[in-house]
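A.B. asks: Pasting a structure here, questions to come.
The values are calculated or read from the model by the stated rules, or taken from the named source; none is laboratory data. Source: prediction; values computed, not measured. Cβ placement follows ideal geometry from the backbone for every residue including glycine, while neighbour counts extend to all protein chains displayed.
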Amino acid sequence: MRLAPLALIAIITVVAFVSPSNLHFSRFLSLAPAFAASVWPVVGTVAIGVLAAAIDVVIAVTIGDVSEERTHLFTLAVIAGATVAAAFASHVRQQREQTLADVRSVAETTQKVLLRPMPHRLGRLDIEALYLAAAAQARVGGDFYEALKTVHGVRMIIGDVRGKGLPAVGMASAILGCFREAAYDEPDLARLARRLDISTSRYTTLLPGDQMEYFATAVLVEIPDDGSAVGIVNLGHPPPLLLSAGTVREVTPTAPSPPINMGALVGDDYCIDTFSFVAKDQLLLYTDGVTETRDHTGAFFPLVQHAGQWDAGSPSRLLGQLHSDLVRFSHDCLDDDIAAIAVRAGVCQTDGATRLVGLLAGH
């Protein structure tokens, strides 16, 4: 692209020399600085304009007619005017590019604070995360997730704030801030969910408009280190998928629990569901941007159907196949924030110790 203005000058020069002089193809040289403004800095754009004017003079001296002197002077004036306008346009473009670079830098910093890099290993778990913001240039949205190693085991959250933009980012930050503190203290997921609801309610009182307009759906997961039953609280969120022994099933709640910041409106009764999570099982947590992805006909992405066809031996492969299927299904037109966490169960510490004792006893 940076060589395109020079290539344009070369093409126009060749055409001007091989065509009749009365066609005045040299007038098209004014396009070169205009084109350069989109890819070159101000100095480079002016240099392209000077080069175009010099080429026009060479053409006028070489193949021009004395009677057409005014025509060539007019062409030089057009090139000069186009160069001045192009230099100004180049200056404005550079300022906007710098502004965009500054905004992206702030967005990247915000994302690093809001969505810290997920550890690949926590206890006996292999973990990977995927995040795709709907605003590609912003790189941050209202979806959030976190995984922490606590005395209760590994506790995770994934959620989606209603709405988009800075208000959604602010609320997601408030929820994650509370989770990162409360996950270490609260004895069970119901108490943790209630604390998230209370903290978020306090935060939304500082926001404009109706407090009930601000809420978030989420899933809380607790995976103990000893390999006992996994606990989950679904706060109005799409159900996670459990991939176990070649089967795929949705982990649906036995009773509804209110979304975050809706406890005061619909009650704060939280249902904790449990299920087994043995070695090599995988759990997929995701936001509604996955299941609400549409194809060209408007049909929604059939997640369970696709998950049943995946050959994913690790969380990274699972998320890779999810991402590629979403892109292929939507024809690369993802228009909503997407977040996902894949968790694979390893051998629990208790089972490993038991096998070690058995081997020693055998000897």
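A.B. asks: Among A107, A129, A133, A147, which is the only one that is modelled with pLDDT under 70 and of a type outside the set (D, E, K, R)? Walk me through it before giving the result.
C.D. replies: Numbers: A129 fails: modelled with pLDDT under 70; A133 fails: modelled with pLDDT under 70; A147 fails: modelled with pLDDT under 70.
When all the criteria are applied, what remains is A107.
A.B. asks: Could you check the stretch 196-214 and list, in sequence order, the residues that are without any contact (Cβ under 8 Å) to a residue 60 or more places away in the chain, in a helix (DSSP H, G or I) and either surrounded by 14 or more Cβ atoms within 10 Å (Cβ to Cβ) or not assigned by TED's automatic domain parsing to the domain that holds D268 (or both)?
C.D. replies: Restricting attention to the stretch 196-214, the residues satisfying the condition of being without any contact (Cβ under 8 Å) to a residue 60 or more places away in the chain are 199, 202-214.
Checking which are in a helix (DSSP H, G or I) leaves us with 199, 202-204, 211-213.
Residues satisfying the conditions are S199, Y203, T204, Q211.
A.B. asks: Moving to a separate point now. Can you tell me which residue in the stretch 242-271 is surrounded by the most Cβ atoms within 10 Å (Cβ to Cβ), limited to those that are closer than 27 Å to Y214 by Cα and of a type in the set (A, V, I, L, M, F, W, C)?
C.D. replies: If we take residues in the stretch 242-271 being closer than 27 Å to Y214 by Cα and of a type in the set (A, V, I, L, M, F, W, C), then I260 is surrounded by the most Cβ atoms within 10 Å (Cβ to Cβ).
A.B. asks: Does T252 satisfy the condition of being part of a loop (DSSP other than H, G, I, E, B), touching a residue at least 12 places away in the same chain (Cβ under 8 Å), among the β-branched types (V, I, T) and out of contact with any helix residue (DSSP H, G or I) (no Cβ under 6 Å at 6 or more places or on another chain)?
C.D. replies: Details: part of a loop (DSSP other than H, G, I, E, B): yes; touching a residue at least 12 places away in the same chain (Cβ under 8 Å): yes; among the β-branched types (V, I, T): yes; out of contact with any helix residue (DSSP H, G or I) (no Cβ under 6 Å at 6 or more places or on another chain): yes.
Yes.
A.B. asks: Could you tell me whether G227 is more than 28 Å from the chain's Cα centre (by Cα), surrounded by 20 or more Cβ atoms within 10 Å (Cβ to Cβ) and not in a strand (DSSP E or B)? Explain how you work it out, then say what you get.
C.D. replies: Numbers: more than 28 Å from the chain's Cα centre (by Cα): yes; surrounded by 20 or more Cβ atoms within 10 Å (Cβ to Cβ): yes; not in a strand (DSSP E or B): yes.
Taking the combined requirement at face value, the residue satisfies it.
A.B. asks: A further question follows. Hey, among V327, V343, which residue is assigned by TED's automatic domain parsing to the domain that holds E222, assigned to a helix (DSSP H, G or I) and aliphatic (A, V, I, L, M)? Talk me through it step by step, then tell me what you get.
C.D. replies: Working: V343 fails: assigned to a helix (DSSP H, G or I).
Every option except V327 fails the conditions.
A.B. asks: Can you pull out every residue in the stretch 272-313 that is in a loop (DSSP other than H, G, I, E, B), surrounded by 12 or more Cβ atoms within 10 Å (Cβ to Cβ) and β-branched (V, I, T)? Working first, answer last.
C.D. replies: Step one: of the stretch 272-313, the residues in a loop (DSSP other than H, G, I, E, B) are 272, 276-281, 287, 292-293, 295-299, 301-302, 308-313.
Restricting the remaining residues to those that are surrounded by 12 or more Cβ atoms within 10 Å (Cβ to Cβ) gives 272, 276-281, 287, 292-293, 295, 301-302, 308, 310, 312.
Result: I272, V278, T287, T293.
A.B. asks: Shifting gears a bit: Inside the stretch 267-292, can you point out the residues that are modelled with pLDDT under 90 and aliphatic (A, V, I, L, M)?
C.D. replies: Those that are modelled with pLDDT under 90 and aliphatic (A, V, I, L, M): V278, A279.
A.B. asks: Does the stretch 167-188 include one or more residues that are out of contact with any helix residue (DSSP H, G or I) (no Cβ under 9 Å at 6 or more places or on another chain), in a helix (DSSP H, G or I) and at pLDDT below 90?
C.D. replies: yes
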